[in-house]
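For reference, the structure discussed in these notes is given below.
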């Protein structure tokens with residue numbers, strides 16, 4: 001049985017670059033055509049097409065290689081689930097230059113420690129993000145999404161709708177917004193008028 005190396009790379013946001021991970025995987029001997037990737041998907045999101053392709057590509061005796069464990073999974077249960085799936089299929093998991101051996105107690109402990117740190121790091125990022133947003137909101141720097149229609153357009157839309165001469169589709173076309181936006185605007189303006 002020939003041991004084929006299959007690589008997987010992932011970055012969480014569209015602004016991040018996969019090239020460093022792909023370069024690391026190439027340095028470990030993985031052919032570029034055998035590197036699967038996900039761009040703009042977090043490790044906590046289990047729906048990752050690139051990971052699914054990599055898992056489908058590995059066969060018994062092969063090795064799935066990731067630059068770091070946090071590129072594969074950001075939670076302990078997910079990391080364990082992936083490792084168990086690979087073990088059941090006779091596929092090895094390589095983290096950087098180290099091959100994870102699920103039969104070896106030290107290897108299993110090391111893998112669990114890495115998975116715990118990856119999950120802890122993801123939790124810290126979420127916590128810092130929430131704290132940053134809370135602080136920005138308190139300072140008035142985070143105002144949410146800009147409305148599609150101005151206050152004047154809201155009033156005009158309501159006035160035109162109340163005449164009964166315009167349908168929702170007509171208004172959506174005239175104001176270049178979607179029908180749901182028209183419905184939401186009408187619901188908001190009727191509420192504010194009742195106050």
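Computed from the coordinates by the stated procedures, all read-outs in this text should not be read as laboratory data. Quick caveat: nothing in here was measured; it's all calculated off a predicted structure. Counting neighbours? That spans all protein chains shown, and the Cβs are built from the backbone with ideal geometry, glycine included.
Laid out as a table, the results:
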| quantity | calculated |
| --- | --- |
| Bins of 5 Å from zero: percent of alpha-carbon pairs in segment 64-120 | 4, 22, 34, 31, 8, 1 |
| Label point distance in nm, residue 59-residue 152, each placed 7 Å from Cα along Cα→Cβ | 6.9 nm |
| Per residue Cα convex hull volume in Å³ - calculated over segment 1-96 | 81 Å³ |
| Hydrodynamic radius by Kirkwood, which averages 1/r over all alpha carbon pairs of the chain, in angstrom | 20.6 Å |
| Pair residue 31, residue 174: separation of 7 Å Cα→Cβ label points (nm) | 6.3 nm |
| Segment residue 137-residue 188, length gained on full extension (0.36 nm per residue, minus Cα span) | 16.0 nm |
| Length-normalised contact order for segment 151-194 - Cα pairs under 8 Å, 6+ apart - percent | 39 percent |
| Sites residue 117 and residue 97, calculated FRET efficiency, Cβ-Cβ separation with R0 22 Å, nearest 0.05 | 0.75 |
| Computed over segment 1-60: relative contact order in percent, which uses C-alpha pairs under 8 Å that are six or more apart | 42 percent |
| Using alpha-carbon coordinates, inclination of helix 105-138 to the longest axis of the chain, degrees | 20 degrees |
| Computed over segment 151-194, Kirkwood Rh from alpha-carbon pairs, angstrom | 10.2 Å |
| Debye log10 I(q)/I(0) at q = 0.15, 0.19 Å⁻¹ for segment 115-195, Cα point scatterers | -0.67, -0.82 |
| Fluctuation leader among 90, 140, 61 - the chain, Gaussian network, Cα springs under 10 angstrom | 140 |
| Residue-span extension gain [residue 39 to residue 80] - 0.36 nm each, minus C-alpha spacing | 12.5 nm |
| Modelled FRET efficiency - R0 45 Å, residue 124 with residue 88, Cβ distances, 0.05 increments | 0.90 |
| Inter-part distance where segment 67-119 and segment 1-60 are each reduced to a Cα centre, Å | 15 Å |
| Within the chain, helix-based [θ] at 222 nm, where runs of 4 or more DSSP H residues each add -39,500 (n - 2.57), nearest 500 | -17000 deg cm²/dmol |
| On Cα atoms only, tilt of 76-88 relative to the major axis of the chain in degrees | 50 degrees |
| Top of 174, 133, 109 by mean-square fluctuation, Gaussian network on the chain, Cα under 10 Å | 174 |
| Pair residue 15, residue 2: separation of 7 Å Cα→Cβ label points (nm) | 4.3 nm |
